[in-house]
Amino acid sequence: MAYGDRHSPLARYLLVAYALLIVYASLNPFSGWRDPGAPLFEFLVAPAPRYIEVFDIIANIAAYVPMGMLLILAMHPKWRGARALLGAIFAGLLMSFSLETLQQFLPTRIPSNFDLAANLLGSTLGAAAGSLFTRRLLRDDGLQALRYRLFRDGARVDLGLVLLGLWLISLLYPGTSLFGNGDLRAVFSQPLGELHPAEIFIRFEALVVGSNTVAVGLLLALLAGRGQPARALFGALLAAALGVRTLSYGLLFSSQNLFDWLTPGAALGLAGGVLIVMVSVMFSRTVKVMLCGLALMAATALVNFAPENPYFLAALADWQQGHFLNFNGFTRVLSAAWPFAALLYVLGFAGAREREPE
């Protein structure tokens with residue numbers, strides 16, 4: 001079957017993941033639910049607000065553009081053309097309308113017909129772009145063909161690729177050291193330990209960064225197809241990760257803080273982790289699964305026992321989250337949960353090992 005005639009499990013997994021992100025950002029903090037004491041759909045006819053934040057309008061449009069595009073890709077090839085376009089627009093509208101309605105029951109959220117209109121515009125733009133580029137993305141020499149050429153076949157591999165995509169998103173949360181996912185102390189409001197000399201932190205950070213680098217690199221190697229350049233794919237993923245981290249510091253702090261994540265411990269951990277990955281990709285599949293799982297467990301344990309960064313705490317104290325408050329809440333939870341989801345996935349890989357050839 002030609003790639004252009006196949007459905008894309010990857011697009012469907014991405015759609016589900018992105019929809020959950022939108023739900024979280026729209027309804028966070030999920031507490032204080034109460035009766036609004038007003039007609040349920042009153043926000044639809046509410047007058048225009050006195051002050052309109054241009055940033056909020058742009059953010060609401062931009063948030064639903066990927067939703068519209070992913071809806072088109074997920075419906076292909078069963079729904080095409082005008083049917084798919086109208087279906088994606090309606091689905092985006094229905095989701096936005098549902099979330100705006102639910103926001104009435106949250107004291108910290110304000111439903112808005114302006115937000116609904118912006119979300120509808122974003123869904124429409126995304127659906128239009130998806131309709132325009134679907135054939136190019138899913139045809140025999142398009143993006144879907146590239147996915148099947150570089151990575152193993154199967155929906156389980158698609159799920160792994162989504163997991164790596166979520167890892168990249170988790171790096172947008174600046175409250176941890178580089179690749180420092182799995183820190184549960186902040187989630188459970190545990191008191192911070194005493195501060196230690198910077199030398200101690202550097203050693204812990206190097207181990208955390210190195211372990212996570214090995215875990216992610218070997219997870220990617222497990223997904224790569226036979227004969228594919230696993231080392232080059234890892235280099236591209238690592239470059240993307242460092243680019244995302246740099247972007248997050250520029251957006252959430254300032255342009256002067258772009259490379260504040262590149263501490264001595266992070267640099268040392270990156271160098272060691274990359275070296276181990278470059279050697280480990282030649283190991284058997286069984287060994288890679290074992291090393292990946294061990295690296296995930298080690299990194300998660302280390303990040304929860306590591307001392308606080310004596311320099312970064314001061315920067316966080318002055319951090320103004322502003323418009324990114326809800327998104328940072330999502331990335332914080334994602335950062336804390338990602339290693340555990342990845343470990344479950346790797347354990348599933350180990351369980352399926354008997355059914356796959358080396």
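Given the criterion buried (at least 19 other Cβ atoms within 10 Å of the Cβ), modelled with pLDDT of 75 or more and more than 18 Å from GLY180 (Cβ to Cβ), identify the matching residue among VAL287, VAL346.
That would be VAL346, the only listed residue that is buried (at least 19 other Cβ atoms within 10 Å of the Cβ), modelled with pLDDT of 75 or more and more than 18 Å from GLY180 (Cβ to Cβ).
In this structure, is ALA63 of a type in the set (A, V, I, L, M), modelled with pLDDT of 85 or more and surrounded by 15 or more Cβ atoms within 10 Å (Cβ to Cβ)?
No: the conditions fail for ALA63.
Output the number of the condition that VAL45 fails; it satisfies all remaining conditions of (1) among the β-branched types (Val, Ile, Thr); (2) closer than 21 Å to ILE169 by Cα; (3) out of contact with any helix residue (DSSP H, G or I) (no Cβ under 6 Å at 6 or more places or on another chain).
Result: VAL45 passes all but (2).
State all residues of region 72-88 that are out of contact with any Phe, Trp or Tyr (no Cβ under 8 Å at 6 or more places or on another chain) and surrounded by fewer than 20 Cβ atoms within 10 Å (Cβ to Cβ); if no residue qualifies, say none.
Across region 72-88, the qualifying residues are PRO77, LYS78, TRP79, ARG80, GLY81, ALA82, ARG83, LEU86.
Among the residues in region 316-330, are any modelled with pLDDT of 70 or more and hydrophobic (A, V, I, L, M, F, W, C)?
no
Determine whether region 92-105 contains at least one residue that is assigned by TED's automatic domain parsing to the domain that holds ILE22, touching a Lys or Arg at 6+ places or on another chain (Cβ under 8 Å) and either charged (D, E, K, R) or within 17 Å of VAL23 (Cα to Cα) (or both).
Within region 92-105, one or more residues are assigned by TED's automatic domain parsing to the domain that holds ILE22, touching a Lys or Arg at 6+ places or on another chain (Cβ under 8 Å) and either charged (D, E, K, R) or within 17 Å of VAL23 (Cα to Cα) (or both).
Does PRO66 fit the bill of being out of contact with any strand residue (DSSP E or B) (no Cβ under 6 Å at 6 or more places or on another chain) and assigned to a loop (DSSP other than H, G, I, E, B)?
For PRO66, the condition - out of contact with any strand residue (DSSP E or B) (no Cβ under 6 Å at 6 or more places or on another chain) and assigned to a loop (DSSP other than H, G, I, E, B) - is not met.
Can you name every residue in region 90-119 that is touching a residue at least 24 places away in the same chain (Cβ under 8 Å), of a type in the set (A, V, I, L, M) and surrounded by fewer than 19 Cβ atoms within 10 Å (Cβ to Cβ)?
Selection gives LEU93, LEU102.
Going through ARG12, ARG109, ARG83 one at a time, which residue ends up being on the phi < 0 side of the Ramachandran plot, in a helix (DSSP H, G or I), outside the structural domain of ASP158 (by TED's automatic domain parsing) and under 25 Å from the mean Cα position of the chain (by Cα)?
ARG12
Examine region 34-41 for a residue that is assigned to a loop (DSSP other than H, G, I, E, B), modelled with pLDDT under 80, within 17 Å of ARG109 (Cα to Cα) and aliphatic (A, V, I, L, M), and state whether such a residue exists.
Yes.
Failed condition for ASP260, given (1) under 30 Å from ALA155 (Cα atoms); (2) surrounded by 15 or more Cβ atoms within 10 Å (Cβ to Cβ); (3) modelled with pLDDT under 95, with all others met?
(1)
For region 233-250: of the residues being of a type in the set (A, V, I, L, M) and exposed (fewer than 13 other Cβ atoms within 10 Å of the Cβ), which is nearest to THR176 (Cα to Cα)?
The extreme case among them is ALA239.
Return the residues of region 14-60 that are surrounded by 12 or more Cβ atoms within 10 Å (Cβ to Cβ) and among the hydroxyl-bearing types (Ser, Thr, Tyr); say none if nothing qualifies.
TYR18, TYR24, SER26
Taking region 292-315 as the search range and keeping residues that are part of a helix (DSSP H, G or I) and at pLDDT below 55, which one is farthest from the chain's Cα centre (by Cα)?
ALA314
The values are calculated or read from the model by the stated rules, or taken from the named source; none is laboratory data. The model shown is predicted, which means the values in this text are computed figures rather than measured ones. FYI the Cβ positions are ideal-geometry reconstructions off the backbone, even for glycines, and counts take in every protein chain you see.
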